[in-house]
1. Could you check the range 154-177 and list, in sequence order, the residues that are farther than 22 Å from residue 340 by Cα and either in a strand (DSSP E or B) or outside the structural domain of residue 125 (by TED's automatic domain parsing) (or both)?
2. Of (1) under 24 Å from the mean Cα position of the chain (by Cα); (2) outside any helix (DSSP H, G or I); (3) not assigned by TED's automatic domain parsing to the domain that holds residue 31, residue 123 satisfies all except one. Which?
3. Here is a list: 109, 77. Which entry is touching a helix residue (DSSP H, G or I) at 6+ places or on another chain (Cβ under 9 Å), crowded, with 24+ Cβ neighbours inside 10 Å and at pLDDT 95 or above?
4. Can you tell me how many residues within the range 240-292 are more than 24 Å from the chain's Cα centre (by Cα) and over 22 Å from residue 194 (Cβ atoms)?
5. One residue is enough: does the range 44-62 have a residue meeting the conditions of a type in the set (Gly, Ala, Ser) and surrounded by fewer than 20 Cβ atoms within 10 Å (Cβ to Cβ)?
6. Suppose we filter the range 315-336 for residues that are out of contact with any helix residue (DSSP H, G or I) (no Cβ under 8 Å at 6 or more places or on another chain) and either outside the structural domain of residue 26 (by TED's automatic domain parsing) or not in a helix (DSSP H, G or I) (or both); how many remain?
7. Residues that are in contact (Cβ under 8 Å) with a residue 60 or more places away in the chain and charged (D, E, K, R): which helices (runs of 4 or more DSSP H) entirely in the range 1-118 hold 1 or more of them?
8. Picking from 195, 191, which residue would you name as being more than 21 Å from the chain's Cα centre (by Cα) and in contact (Cβ under 8 Å) with a residue 12 or more places away in the chain?
Amino acid sequence: MSERYDLIVVGGGIAGSSLAGRVAASGARVLVLERETQFRDRVRGEWVAPWGVLELERLKILEPLRERADAHELTHQSTGVYRIAKPTDLVERYHPNRPAVTFFHPTAQEVLIEWAAEQGAKVIRGARVTSVGGGESPTAEWTGEGAGSATARLVVGADGRTSLVRKAIGRPERTRGEMRLWAGIRMKNLDWPADTGMLTLDPRTGYAAAVFPQGDGAARVYLGPSRDERKRLSGAKDIESFLAGMQPLMGQRDVFSDAEAVGPLATFDTEMRWIDEPYEDGLVLIGDAAGYTDPTWGQGLSLGFRDARVLSEALTTSEDWRAASGAYAAEHDVYFDAMVKSEAWTEEVLLSPGPEGDEMRDRAFGAWAQDPSRNPTAAYNGPDFVADEEARIRFFGLDLVEAAT
């Protein structure tokens, strides 16, 4: 006979555990079904933007991440075109007035799934969910550890990019942009300041490089080649090629002379893929299951925490969970759409090649210097802005062109 819960969360990763813990703390019966018995380093996002740190505070998980996952503060960010830029003080410059935060992803996953259990959620590890269903009494079935089935008031899909729950909802996926390959590796002993993140882009080649320190001398390092290049770097044999690709973007700085790999080198595809209205008949999506964006701009974790916070607040302040889930889905559409548009605009400005790209950058940068409000800087401030046609015109400084003519 199936057990009955208030909430079943499929996927006990970052977003799923954050949601499960907050809802369980309110007294609800929560079940978390997590496939992995041990989280592994698979090269993925580990940077939480300043606006995402505010979400961590609201979820009440910032302190557990600091105390048990060694969450590391980055108070400065260097974002440069053609060359490494002078670092910007994130706390002073952007409205959340918070630093960015990094951590080692597997450690953070372990901390948060343990935290969810401490809040009262039942956690089953090694559970491979085989089917979910919506309706009057949503269900989940799983094999593996503690194989069985359960029903709930609501089933949440926090099961990533290949979400089974998203497939059950059956709504068409939307995409934007051509996929770019990115390679990443965790390294130690870099000659780079421990309090500063770095992203440098070269529109002439389409290459981009990023460094995000994690404390204790470690950092996650990424290399993004041009969209035309489809070479996948992986394993120890390709580390030399990876560093050779990084060096032109580092200028004269010898960042990697003493560096050593402390994790796998792997390449992953990046794109934007999502569904509208991530709720249907007792099934709701959060995190990458609802939608994911090109990690060039590093918003995936912050968006996942935003989803967990918005949905948990809706569920813990309403008796009508279906209406609450619908309200969450509508709000998700607004802020996710804003982020998709902002990232598309930013990529166009920063990575468009040739004289036309240089002209676009000169116009946009000049407009931002005159009026900083033209650039919402969503990567740091967050997606709480109106992403309409007027905002796009102001972002690119197109109104100044019209005024000049």
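1. Listed by number, the residues that qualify are 154, 155, 156.
2. With (1) under 24 Å from the mean Cα position of the chain (by Cα); (2) outside any helix (DSSP H, G or I); (3) not assigned by TED's automatic domain parsing to the domain that holds residue 31 applied to residue 123, the lone miss is (3).
3. 77
4. The qualifying residues number 7.
5. no
6. Residues flagged as out of contact with any helix residue (DSSP H, G or I) (no Cβ under 8 Å at 6 or more places or on another chain) and either outside the structural domain of residue 26 (by TED's automatic domain parsing) or not in a helix (DSSP H, G or I) (or both) within the range 315-336 amount to 2.
7. Once the helices (runs of 4 or more DSSP H) in the range 1-118 are filtered for at least 1 residues that are in contact (Cβ under 8 Å) with a residue 60 or more places away in the chain and charged (D, E, K, R), what remains is 14-25, 50-59, 90-93, 105-118.
8. Answer to the selection: 191.
The values are calculated or read from the model by the stated rules, or taken from the named source; none is laboratory data. Everything quoted here is computed from the prediction, not taken from an experiment. Cβ sites come from the backbone with ideal geometry, for glycine too, and all protein chains shown count toward neighbours.
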